[in-house]
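Data block below; observations after.
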Amino acid sequence: MWFILALLSAVFAALTSILAKIGIEGVNSNLATAIRTVVVVLLAWGMVFLTNTQGGIANISRKSWIFLILSGLATGASWLCYYKALQLGEASKVVPVDKLSVVITLILAFVFLHEKITPKSLIGCVLIGAGTLLMVL
C-alpha cells in the first residue's frame, strides 16, 4: 500500500508543479505560496475532522510537537524557494533540481537517523544526481 500512496504522491507532486507554473504567472511567488498553503491547511484539517482524529492532539508528545513544527518551517521554506524558482525558471529544469531532495534525504537519513546506505541506494543516488545534472545543463 505504501508504494501506491508514494506513487500517487509523485503524480500529485507533478500536477502541483505544472498547475503552479501556470498559476503563478503574474502573481508574486510569496502570495502564491500563501494561497497554496491555505488550501493545504484546509484540506489537511478537513481530513482530520473527516476521519475523526482531532482527539489525538492531546496525545502528541513535546518532542513530536517540536519536530513537527520544525518540519513545517522546513516545508514553508521549501515552498517559498520552490515557487520563486518556478516563477523564474522552466518547470522542466526547476523540478529535477527540487527532486535532488531524494539524494539529500538519503544523506541526512544516514547521518541523523543512522539508516543504512546500501550499494543499490548509493547507485540510485548517484544516478539521480547525474540525471539531474544532465537535465539542467
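The table that follows gives values for the structure above.
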read-out	value
Matching entry among S64, S29, S78 (being more than 21 Å from T132 (Cβ to Cβ) and within 18 Å of the chain's Cα centre (by Cα))	S29
Subset tally (residues that are of a type in the set (S, T, Y) and within 24 Å of A74 (Cα to Cα)) for the range 101-125	2
Where V41 falls short, out of the listed (1) within 23 Å of S92 (Cβ to Cβ); (2) surrounded by fewer than 11 Cβ atoms within 10 Å (Cβ to Cβ); (3) of a type in the set (V, I, T)	(1)
Set I117, I107, I128: member being in a loop (DSSP other than H, G, I, E, B), surrounded by 10 or more Cβ atoms within 10 Å (Cβ to Cβ), without any contact (Cβ under 8 Å) to a residue 60 or more places away in the chain and not assigned by TED's automatic domain parsing to the domain that holds A10	I117
Close pairs from the range 64-91: first in the same structural domain as T33 (by TED's automatic domain parsing), partner of a type in the set (D, E), Cβ under 8 Å, at least 6 apart	Y82/D98; A85/D98
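Residues checked against (1) closer than 27 Å to L134 by Cβ; (2) of a type outside the set (V, I, T):
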| site | (1), (2) |
| --- | --- |
| M1 | no, yes |
| V11 | yes, no |
| K21 | yes, yes |
| I24 | yes, no |
| V95 | yes, no |
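The values are calculated or read from the model by the stated rules, or taken from the named source; none is laboratory data. Because the structure is a prediction, the values reported are computed rather than measured. Note: ideal-geometry Cβ built from the backbone for every residue, glycine included; neighbour counts use all protein chains shown.
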